[in-house]
Amino acid sequence: MDPALAGFLMVAAFTALILSGRLAPAPALVLTPLVFGLLAGHGTDLGPMAVDGLREVAPTGVMLLFAILTFGILTDAGLFDPLVRLIVRQAGGDPLKVSLGAAALAAVISLDGDGSTTYLIACAAMLPLYRRLGMNPLHLACLLMLVSGVMNLSPWGGPTGRAAAALGLDVTAVFLPLLPAMGAGLLAVFALAAGLGLHERRRLGVLESPVPETDAEAGGEAAPDAPASRLRFALNLLILVALMAGLIAPAFGVKTLPLPVLMMTAFALALTLNHPRRADQAEKIAAHAPAALSVASLIFAAGVLTGVLKGTGMVDAMSAALVAAIPGALGPHLAPAVAAASLPGTFFLSNDAFYFGMLPVLAEAGAVHGIDPAAMARAALMGQPFHLLSPLVPSTWLLVGLARVEMGAHQKFTALPAAGVCLVMALAAMATGGF
C-alpha cells in the first residue's frame, strides 16, 4: 500500500474510532498504527519504531503524570482556599467585582490544568453570588470556560503536552514562547469579564446588603491559623512558587532541572510535607491516580502512533502530498492557517485526533517551507478556548451542569467571545515570534 494513502487512511480510521466511541483514545492510538503498519508491508520492524516513539514522548508523559499528582495534592491541602474566601468577600454585592472575581479565581485554580477542578471550585464559590444578585449564569459559564481554555496551555494542561509529544518536541520549548499569547488571552478574558460585569451592574445595580455565605466558604477547610498550619501553608506556597520559577527560568537563560525532574521533585516535596505517614501518601496517590493515568496513558500510547508514522515513512509521504496540494502562495503562511483551522479542527475532532492525527502531517508540510515544527505546534494550540465549546469535551458538560445552563445556550452565548480570545492569542503569538 502506498505510504501516503496508508497514512491518510490511518488518520481517518483513528479519527472515526475516536468520534464513534468504538475505542477509547489510548487503544486507538496503539492498535491503529500497528494495523496500518502491517497493511503497508511492515512486520517485526514495527516494534523498534514504536519504541523510538516511546523514547520521544517519555519525558512529556512523566511530566504530566507527576504534574497532575502535584497540583491535586496542593489543592487538597487548601493552598487556594484563602484566595477563594478573599475573592468572595471582596466581590460583595457588586456585579462588576463578582464578574472579575470569577475570572481571577478561575485563573488561579486553572494552574493545575484540570478544567473539572476549576469548574467545581469556582462554581461552588461564585454561583451563589450570581444567583443572589440575579446575574446571568451564562456569563459565569462563559468566563470559567475561556479562562480554562487559556490556562490549559500550561505544559501539564494536556493540549501542549499532546502537541509536543506528537512532534517529538520538548514541551518547555513549545510552551515558553506561548506565554505572551496566554497573557494576552487572559487580558482579553478579563476585559470581557469587566464588560459583562458593567452590563449587569447597569441592569441590576449594586446590592448593599451582605451576601450570604457561599458553598465554598461553608465547606472549605479552616484558615491556617495554627502555627503548624501556617507553616505548612507557607511551604506549600513556596513549592508552587519555586515550581513556576523553574518553569519560566529558561526563558531568561537560567538553567534549571529538566521539567520532568522538576515536577517529580515538587511532587515528592508536596506529598511528604502534607502527608508524612506512608499510609496517607498511598491513599492520596490512589485518589488522584485515575486522572494522572488517563492523561499519561494517552501520551505514551501516542508514542506508538508517532513512531510508526515516522518509521514507516508515512508522515513524509503524507506531507509531500499535502505540499503538492497547497498553493505556493499559502505555503509560507501555513502556521497562521493552522491556527485558524485549529478552531473547527479541535471542535469537530477531539484533541487526540487533531494533535496526534493531523498535526504531524501539517508540521511536515510546514517544514518544507522552512517553518519550525515548534511554531506549527504553537499555532495549532490557538484554538483551545474554542475547543472547550465542543460537546466532545466531558468537562464542558460538567460546567453547564454546575452552572445550571443549557449546552446550546452556552455554545450560542460563548462562541463569539471564544473566537475573539483565540484571535487575540494568535495575533499576540505572531507579534512576539511564537509562530
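Looking only at Asp280, Asp372, Asp52, which one moves most when the chain is put into a Gaussian network model with springs between Cα atoms under 10 Å?
Highest fluctuation of the listed residues: Asp280.
Compute the Kirkwood hydrodynamic radius of segment 1-149, taking the inverse of the mean of 1/r over all pairs of distinct Cα atoms, and give it in Å to one decimal.
18.9
Quick one: Cα centre-to-centre distance for segment 47-106 and segment 295-316, in angstrom?
Result: 27 Å between the Cα centres.
Between Met49, Met376, Met126, where does the largest GNM mean-square fluctuation fall for the chain, given springs only between Cα atoms within less than 10 Å?
Looking only at Met49, Met376, Met126, the biggest GNM fluctuation is shown by Met49.
Please give the peptides 282-294, 167-179 ranked by average Cβ packing (other Cβ atoms within 10 Å per residue), highest first, as a rough proxy for protection.
Taking the mean over residues of other Cβ atoms within 10 Å, the ranking is 167-179, 282-294.
Plugging the Kirkwood radius over Cα pairs into Stokes-Einstein for segment 89-190, at a temperature of 10 °C and a viscosity of 1.306 mPa s, what D comes out in µm²/s?
Estimated via Stokes-Einstein, D reaches 111 µm²/s.
Could you compute how fast segment 1-80 diffuses translationally, taking Rh as the Kirkwood radius over C-alpha pairs and applying Stokes-Einstein at 20 °C with viscosity 1.002 mPa s? Give it in µm² per second.
Rounded, D is 142 µm²/s.
Relative contact order of the chain: what whole-number percent is it, with Cα pairs under 8 angstrom and at least 6 residues apart?
The value is 29 percent.
With each pseudo-label sitting 7 Å past Cα toward Cβ, what's the Ala58-Leu39 distance in nm, one decimal?
Inter-label distance under the simple model: 3.1 nm.
Which one of Gly205, Gly420, Gly383 has the biggest mean-square fluctuation once the chain is modelled by GNM with Cα springs under 10 Å?
Gly205
Starting with the highest mean, order 404-411, 157-164, 57-64 by the number of other Cβ atoms within 10 Å, averaged over the residues of each peptide.
Values: 404-411: 14.5, 157-164: 26.6, 57-64: 23.6.
Final packing ranking: 157-164, 57-64, 404-411.
On the accessible surface of the chain, probed at 1.4 Å, how many percent belong to carbon and sulfur atoms? Present the calculation step by step, with values, prior to reporting the outcome.
On the way: 11950 of 17420 Å².
Here it works out to 69 percent.
Quick one: order Phe190, Phe14 from most to least accessible surface, probe 1.4 Å.
Descending accessible area places them as Phe190, Phe14.
Give the accessible surface of the chain per residue, rounded to a whole number of Å², with probe radius 1.4 Å and ligands, DNA and RNA excluded.
Per-residue value: 40 Å².
The values are calculated or read from the model by the stated rules, or taken from the named source; none is laboratory data. The shown structure was predicted, so the numbers you read here are calculated from the model rather than taken from an experiment. Virtual Cβ from ideal backbone geometry, glycine too; neighbours counted across all protein chains shown. Just so you know, the surface numbers come from the protein's heavy atoms only, side chains and all, with ligands and any DNA or RNA stripped out. Shrake-Rupley method; radii C 1.70, N 1.55, O 1.52, S 1.80 Å.
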